[in-house]
């Protein structure tokens with residue numbers, strides 16, 4: 001005679017509840033970490049973008065001063081030598097070279113990762129001119145001395161993004 005063995009197949013309700021509880025705990029731990037990683041990535045992108053724009057503005061100023069010193073362009077009273085707008089960095093500026101070409105400092109105006117443009121509009125940045133106060137939020141319009149983010153957000157380290 002053969003005996004039939006009854007083997008249980010499947011999971012009990014307790015095993016299923018324990019498994020779902022463990023997965024829920026793991027998900028609760030992973031979600032904030034992924035959000036923090038996304039925030040940190042956008043902050044790094046903002047720092048890199050600000051550095052790129054500021055370096056382009058500084059390079060423009062150095063080139064302008066050199067062109068004035070070399071007498072390739074005339075010195076203008078009350079002109080700081082900084083670009084008149086961010087578009088000037090993209091469209092180029094004639095520094096009086098013999099071939100008359102415009103020197104460009106950016107391929108495009110980068111967008112703020114915390115304040116991206118909507119649709120086809122241009123990226124928006126806060127701008128300060130050479131005569132503006134360092135904490136000014138109103139652009140004097142003379143030139144572009146500095147840029148900052150228009151985001152009202154707070155960084156992971158507790159500083160305001162617009163103060164970077």
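The values are calculated or read from the model by the stated rules, or taken from the named source; none is laboratory data. Keep in mind that what you see is a predicted model, and the values were worked out from it rather than measured. Cβ atoms come from the backbone with ideal geometry, glycine included; neighbour counts cover every protein chain shown.
Please work out which one of (1) under 17 Å from residue 144 (Cα atoms); (2) over 21 Å from the mean Cα position of the chain (by Cα); (3) at pLDDT 90 or above is the condition residue 80 fails and give its number.
(3)
Output the residues belonging to region 94-115 that are under 9 Å from the mean Cα position of the chain (by Cα) and either part of a loop (DSSP other than H, G, I, E, B) or surrounded by fewer than 11 Cβ atoms within 10 Å (Cβ to Cβ) (or both).
Result: 110, 111, 113, 114.
Name the pairs whose Cβ atoms lie under 6 Å apart, with the first residue in region 120-135 and on the phi < 0 side of the Ramachandran plot and surrounded by 16 or more Cβ atoms within 10 Å (Cβ to Cβ), the second modelled with pLDDT of 90 or more and outside any loop (DSSP other than H, G, I, E, B), and 6 or more positions between them or separate chains?
Hits for this filter: 125/147; 126/148; 127/147; 128/146.
Among the residues of region 17-38, is any in contact (Cβ under 8 Å) with a residue 60 or more places away in the chain, closer than 30 Å to residue 127 by Cα, touching a helix residue (DSSP H, G or I) at 6+ places or on another chain (Cβ under 9 Å) and not in a loop (DSSP other than H, G, I, E, B)?
Looking for residues that are in contact (Cβ under 8 Å) with a residue 60 or more places away in the chain, closer than 30 Å to residue 127 by Cα, touching a helix residue (DSSP H, G or I) at 6+ places or on another chain (Cβ under 9 Å) and not in a loop (DSSP other than H, G, I, E, B), one finds none in region 17-38, hence no.
Looking at this structure, is residue 75 surrounded by 10 or more Cβ atoms within 10 Å (Cβ to Cβ), touching a helix residue (DSSP H, G or I) at 6+ places or on another chain (Cβ under 6 Å), within 30 Å of residue 142 (Cα to Cα) and in contact (Cβ under 8 Å) with a residue 40 or more places away in the chain? I'd like the intermediate steps shown before the answer.
Values: surrounded by 10 or more Cβ atoms within 10 Å (Cβ to Cβ): yes; touching a helix residue (DSSP H, G or I) at 6+ places or on another chain (Cβ under 6 Å): yes; within 30 Å of residue 142 (Cα to Cα): yes; in contact (Cβ under 8 Å) with a residue 40 or more places away in the chain: no.
Spelling it out, it is not the case that residue 75 is surrounded by 10 or more Cβ atoms within 10 Å (Cβ to Cβ), touching a helix residue (DSSP H, G or I) at 6+ places or on another chain (Cβ under 6 Å), within 30 Å of residue 142 (Cα to Cα) and in contact (Cβ under 8 Å) with a residue 40 or more places away in the chain.
Please name all residue pairs, on different chains or six or more residues apart, with Cβ atoms under 7 Å, provided the first residue is in region 40-66 and is at negative phi and without any contact (Cβ under 8 Å) to a residue 60 or more places away in the chain and the second residue is in a helix (DSSP H, G or I) and buried (at least 17 other Cβ atoms within 10 Å of the Cβ).
56/89; 60/89
In the set 63, 51, which member is modelled with pLDDT of 90 or more, in a helix (DSSP H, G or I), touching a strand residue (DSSP E or B) at 6+ places or on another chain (Cβ under 8 Å) and within 22 Å of residue 142 (Cα to Cα)?
63
Which pairs have Cβ atoms under 6 Å, sit 6 or more apart or on different chains, and link a residue in region 137-153 that is free of Cβ contacts under 8 Å to residues at least 60 places away in the same chain and on the phi < 0 side of the Ramachandran plot to one that is assigned to a loop (DSSP other than H, G, I, E, B) and exposed (fewer than 15 other Cβ atoms within 10 Å of the Cβ)?
Between residues of region 137-153 that are free of Cβ contacts under 8 Å to residues at least 60 places away in the same chain and on the phi < 0 side of the Ramachandran plot and residues that are assigned to a loop (DSSP other than H, G, I, E, B) and exposed (fewer than 15 other Cβ atoms within 10 Å of the Cβ), the close pairs are 140/131.
In region 1-30, which residues are closer than 25 Å to residue 157 by Cα and modelled with pLDDT under 85?
Selection gives 29, 30.
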